[in-house]
Amino acid sequence: MILKNKKITLGVTGAISAYKALELTRLLIKEGAEVHPVMTRSAAEFITPLSLSTLAKNPVSTALFDLTGESRISHIDLAQSADLIIVAPATANIIGKAAGGLADDLLSTILMAAKAPVLLAPSMNSQMWANPIVQANVKKLEKAGYHFIGPAEGDLACGYKGKGRLASVEEILEAAKEALIAKDLKGEKVLVTAGPTREAIDPVRYVSNASSGKMGYAIAKAARRRGAEVVLVSGPSFLPRPAGVTFVPVRTAEEMLDACVRYFPQSTIVIMAAAVADYRPTKSYPNKVKKDAKSLSLEMERTQDVLKHLGTLKKKSQTLIGFALETDSIEENAGKKLKEKGLDLVVANTPAGLDSDTNQVTILSRDGQADRLPPLPKDEVADRILDRAVK
Ligand code: CTP
């Protein structure tokens, strides 16, 4: 829970997308953050301070010289005690003011006095975004260490189509986490596998398993947040593709093997979270199998163990992490996989983690250490695994 107990000053400026700041506030609160909203005068033309303060559970600051407000929480407090400052939506005007060093209202003053990281989510007409002056301002701010998320392409409220839409609230949330987190995986190249594989019976049927891909996707996102370059090799999954990672979709165990072998040499950390099929039908029928026969048996053959194969290719400088899905003698069986597959760490879990948002795992290392974790959201499990990889 990266945002838990974090103080976030949320600046809202006057764009039609200001209404999305309400949903963003709700999500920030849900993640355990403390939100202090600040609105510009024009933002208050689009949404009411009452809605924002109700969702934030904190008063909305608007004016620089509001003496009652100042005695409660001053503009210097809003700037300096914040762990993160987000401006969403950020208009061309606030971007221009920040880049030009102007501080003529509460929000621009906060930005100038800020010690915390600042995340700007631009929202404006596509012509305005393309304006060379706006672009120069963005470059200047990026050089000064400001973070940006978006804008996205699409239909704009002004009737235009193009780049200028506020990034989605989920993307802003992810960027907020990224801005807050220590970049302890910078320089690392992390290969993650996720999801099930599908082994064809005929053109419309397959053998697969209940993996959703959630664990692997959570690891890929966490590694990317911590500064790594990430390749995510994923079997079929309904999850949205994580932003900022090289996404390699595969279907079968064989395709997963090929993709892993391709990306393995340049990877420094490999985490095999995929639930690869151990067997596939010996024969895949070219046409749909008709239900003519009374019964049907499928002959199956072993697939290659991807992780075991990578273990034979592994160099000393690489860290190889596998999962072990067990129903009994969990640590003993997981320990066997650690040795047999030449791993540095193995993450033991049970079927309770399949297709679930939480997972209870034990991380075993080669030196016999066992970290027995309580049930945790998969995002948190991902970070704990990466903590052990860093160690
Ligand atoms: N794995 C793999 N290739 C396979 C099967 C498994 O790379 N064909 C990897 C999984 O991604 C996981 C680890 O091996 O990281 C252990 O997978 P698991 O299903 O727990 O065990 P298996 O090795 O398949 O052994 P068993 O099914 O007999 O428990």
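The values are calculated or read from the model by the stated rules, or taken from the named source; none is laboratory data. Only a predicted model underlies this, so the values are computations on that prediction, with no experimental measurement involved. So basically every Cβ, Gly included, is an ideal-geometry build from the backbone, and we count neighbours across all protein chains shown. The area values use the complete protein model at the heavy-atom level, side chains included, leaving out ligands, DNA and RNA. Shrake-Rupley method; radii C 1.70, N 1.55, O 1.52, S 1.80 Å.
With all protein chains kept in place, the per residue accessible area of the chain amounts to 49 square angstrom at a probe of 1.4 angstrom. Only Cα pairs under 8 Å and 6+ residues apart enter the sum, and on that basis the relative contact order of the stretch 240-362 stands at 21 percent. For Met215, the shell of other residues with beta-carbons less than 13 Å away shows a net charge of -1, using +1 for Lys and Arg and -1 for Asp and Glu.
Counting pairs of alpha carbon atoms under 8 Å apart in space and at least six apart in sequence, what relative contact order in percent does the stretch 7-180 give? Present the calculation step by step, with values, prior to reporting the outcome.
Details: 352 pairs, mean separation 39.8, N = 174.
It comes to 23 percent, rounded to a whole number.
Taken about its Cα centre, the chain carries a charge dipole of about 720 debye when Lys and Arg each add +1 at the Cβ and Asp and Glu each add -1 at the Cβ.
Once you've got the Cα coordinates, tell me which of Lys139/Lys189; Lys221/Lys337; Lys30/Lys378 are over 22 Å apart. Walk me through the numbers on the way to the answer.
Numbers: Lys139/Lys189 27 Å; Lys221/Lys337 26 Å; Lys30/Lys378 16 Å.
Those over the limit are Lys139/Lys189; Lys221/Lys337.
Hand me the trypsin sites (Lys or Arg not before Pro) from the stretch 1-36 located in a DSSP loop with no more than 12 other Cβ atoms within 10 Å, in residue order please.
On the way: sites: Lys4, Lys6, Lys7, Lys20, Arg26, Lys30; in loops: Lys4, Lys6.
Listed in order of number, the matching sites are Lys4.
Under the definition of Cα pairs under 8 Å and six or more residues apart, what whole-number percent is the relative contact order of the chain?
Numbers: 841 pairs, mean separation 43.1, N = 391.
Taking the mean separation of contacting Cα pairs over the length of the chain, I get 11 percent.
Sorting 117-124, 196-203 by average packing, meaning the other beta carbons within 10 Å per residue, from highest down gives 117-124, 196-203. Quick check: from the Cα gyration tensor, does the stretch 125-170 come out rounded (a/c under 1.5), prolate or oblate? Cα axes put the stretch 125-170 in the oblate bin.
Net charge near Asp355, counting Lys/Arg +1 and Asp/Glu -1 over other residues with Cβ under 13 Å of its Cβ?
Working: positive: Lys214, Lys378; negative: Asp357.
With Lys, Arg at +1 and Asp, Glu at -1, the neighbours total +1.
Measuring with a 1.4 angstrom probe and ignoring ligands and nucleic acids, Met112 comes out at about 100 Å² accessible.
Students often check this: by mean Cβ neighbours within 10 Å, which of 235-246, 37-48 ranks highest, and how do the rest follow?
37-48, 235-246
Packing, taken as the mean count of other beta carbons within 10 Å per residue, orders the peptides 334-343, 287-296, 150-159, 218-227 from highest to lowest as 218-227, 334-343, 150-159, 287-296.
Note on the stretch 233-274: Cα convex hull, mean projected area over all directions, 3.2 nm².
What per residue convex hull volume, in Å³, comes out for the stretch 189-390 when only alpha-carbon positions are used?
128 Å³
Taking all Cα-Cα distances within the chain, those exceeding 33 Å account for 43%.
Taking every DSSP beta bridge with both residues inside the stretch 7-180, roughly what % is antiparallel (nearest 5)?
Details: 4 of 21 bridges.
Restricted to the stretch 7-180, the bridges split so that about 20 percent are antiparallel.
Given a 1.4 Å probe and every protein chain left where it sits, what share in percent of the accessible area of the chain is carbon and sulfur? Display every interim value, and only then the final one.
Numbers: 10050 of 19340 Å².
Carbon plus sulfur share of accessible area: 52 percent.
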